[in-house]
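Notes follow once the structure below has been shown.
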Amino acid sequence: MDDALKPVLERIADALERLAPPAGVPPVFDQARLFRHDPGANAFHPAPDYPLPLDALVGVERQKERFVQNLERFAAGLPSNHALLWGVRGTGKSSLAKAAFMAVAGKTPDLKLVEVDRDQVTELPALFDTLRDRTERFVVLCDDLSFEEGAAAAKALKSALEGGVSGPPKNVLFVATSNRRHLMPRGHGEDRGLIATAEDAEEEVSVSDRFGLWIGFPPMDQPTYLAAVTTYAERFGLTTPDLDRRALQWAQLRGARSGRVAWQFIRELAGELGKDLPL
């Protein structure tokens, strides 16, 4: 090794050791309620509380009721089901999961939420094992889940939910959101061959069967969209004489009606009126 490079490499190695958590040291969850999991560093990064209140979500009353009931049972240590929130984009699946968690966590101090990236599904068995013996109860959330990587990710998720010989952790509830009911990517199986495609499809569809609770989010109709806009406007004190007309024009330009489009219109209106919003 070049003598000139050696000190540089040593400093880089020292810096990496300082960034990585010490081996064998258990994670700490008392500084926040929401965390982001980093499997590369085996770390849990705290995140701010989710600011949108549950009652601000309009047009998904049935979905809210079912999800909150299941979450409250889990928080109380009662039998509950892993949940799959599926449906068209922008209908509030992720917002509902986080807002419901905040509502229930306010009454259950030991309830924590850990968000995982969909590209790191293969790390879930190790994550569940890390959380298994903790005194806290964990909602593990994977947003926009689909098996772009194929059957390997599906097998990892099945392994995590089934728990192997130890069984699934009783203190972990897995929640996934997806635009597709069976979590399969578009163009699935191209150039794979009929047998391989069928096997992968069977593997991936069987994962959705591990979710005991399926909650669907259908497209938003016009009255529900306008109700969402009105609810947001009233909550944040935004007034304009032609609210409905402008909201419909906004949706027409976007080519869709959804909770997300309603919120984007509200952000536009708040900026125009010079008012701040929580997110």
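Just so you know, all these numbers are worked out from the coordinates, no wet-lab data involved. All figures in this text were calculated on a predicted structure; none of them were measured in a lab. Here Cβ is always computed from backbone atoms with ideal geometry, including for glycine, and neighbour counts include all displayed protein chains.
Data for the structure
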item: Full-extension gain in nm, Leu273 to Gln120, via 0.36 nm per residue minus C-alpha separation; result: 51.0 nm
item: Neighbour net charge for Pro168 - beta-carbon separation under 12 angstrom, K R +1, D E -1; result: +2
item: Ordering of 259-269, 124-134 by burial proxy (mean other Cβ atoms within 10 Å per residue, highest first); result: 259-269, 124-134
item: Extension gain from Arg210 to Thr230, taking 0.36 nm per residue of separation minus the Cα-Cα distance; result: 3.4 nm
item: Label point distance in nm, Gln249-Glu61, each placed 7 Å from Cα along Cα→Cβ; result: 3.1
item: Whole-Å distance, taken between Cα centres, linking region 93-137 and region 205-269; result: 26
